[in-house]
Amino acid sequence: MSSILLVDDNAEILMANKTHLIGEGYTVTTADTGMNAIVYLNENQYDCIVLDIMLPDIDGHTLCKAVRTITSAPIIFLTCMDAPGDKVKGLMLGGDDYMTKPYSLDELTARIHAHLRREQSANRYASYGKVHIDKVNRMIQTPEKNVFLTQKELELFLLLYENPDSKFTKEEIMKRLWSDKMDIGTVAVHILKLRRKLDFVKSYVGVIENDYKRGYSISRSDIQ
């Protein structure tokens, strides 16, 4: 369930937006000042932020800049300021969308949904040259062959593949991916299984190497 932060000093607008979005299945938090919004953002994670510009303490443009130091979640400006320059400024400062009042609740919901869908799609896939990783289906795609992984194999692969300049000992891998109570042999078993699967695509992905003093790494083909 996606979480939305609404920031507006108009109580009626906040309530109308909150009621409608809750009805659409979202979790909604409201803030009537910029400072309240910053407090919420420092304490919680939100998937989308709907932001007014004319606030009683901090103007929305300044708040947008502050928000961008805290989160990369989509920001939709919702304001009565409709001059072209206002829209350009809002987008240049880090906003992702701009709506003017009066507005349709259905359109607001549609825009939120579109941004969330885009974010989810971006987080689902990762590409490195000719190597594409589908994190939802746990699949490594290459021009030669596709390889399917278990969830833990995927987590192990991403740890090594997305940190090509780092090496990880079995103990470090255990702490990152498993409980400390697990047998350290679990790491060795998963590395062995992952090595066997990566062997089918090693010309694109590289191979898992083991420096006995420093730990495991993947020599990525795309950065050699």
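The values are calculated or read from the model by the stated rules, or taken from the named source; none is laboratory data. The structure presented is a predicted model; accordingly, all values stated were derived computationally and were not measured. Methodologically, a virtual Cβ is constructed for each residue, glycine included, from the backbone with ideal geometry; neighbour enumeration extends over all protein chains shown.
Computed quantities for the displayed model
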read-out	value
Any hit, region 31-45, residues being touching a helix residue (DSSP H, G or I) at 6+ places or on another chain (Cβ under 6 Å) and among the charged types (D, E, K, R)	no
Enumeration of residues in region 113-159 that are within 27 Å of Leu192 (Cβ to Cβ), aliphatic (A, V, I, L, M) and assigned to a helix (DSSP H, G or I)	Leu154, Leu156, Leu158, Leu159
Search result, residues across region 38-69 that are out of contact with any Ser or Thr (no Cβ under 9 Å at 6 or more places or on another chain) and buried (at least 22 other Cβ atoms within 10 Å of the Cβ)	Val50, Leu63, Cys64, Val67
Residue in region 115-122 that is in contact with a strand residue (DSSP E or B) (Cβ under 7 Å, 6 or more places away or on another chain) and of a type in the set (D, E, K, R) present	no
Pick from region 164-218, criterion acidic (Asp, Glu) and part of a loop (DSSP other than H, G, I, E, B), ranking: surrounded by the most Cβ atoms within 10 Å (Cβ to Cβ)	Asp183
Residue identified as at positive phi, in contact (Cβ under 8 Å) with a residue 40 or more places away in the chain and in contact with a strand residue (DSSP E or B) (Cβ under 8 Å, 6 or more places away or on another chain) among Gly215, Gly129	Gly215
Checking Gln151 against (1) within 30 Å of Gly25 (Cα to Cα); (2) out of contact with any Ser or Thr (no Cβ under 7 Å at 6 or more places or on another chain); (3) surrounded by 12 or more Cβ atoms within 10 Å (Cβ to Cβ), the condition it does not meet	(3)
Count - residues of region 3-16 that are crowded, with 19+ Cβ neighbours inside 10 Å and under 21 Å from Gly94 (Cβ atoms)	5
Wholly within region 25-112, helices (runs of 4 or more DSSP H) carrying at least 1 residues that are in contact (Cβ under 8 Å) with a residue 40 or more places away in the chain	60-67
Evaluation of Tyr26 against (1) within 18 Å of Thr69 (Cβ to Cβ); (2) touching a strand residue (DSSP E or B) at 6+ places or on another chain (Cβ under 8 Å) (one fails), failing number	(1)
Complete set of residues in region 44-69 that are over 13 Å from Val7 (Cβ atoms) and either outside the structural domain of Ala31 (by TED's automatic domain parsing) or not polar (S, T, N, Q) (or both)	Asp47, Lys65, Arg68
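Yes/no per residue for (1) touching a helix residue (DSSP H, G or I) at 6+ places or on another chain (Cβ under 7 Å); (2) under 30 Å from Asp96 (Cβ atoms):
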| residue | (1), (2) |
| --- | --- |
| His132 | no, yes |
| Val136 | yes, yes |
| Glu144 | yes, no |
| Lys152 | yes, no |
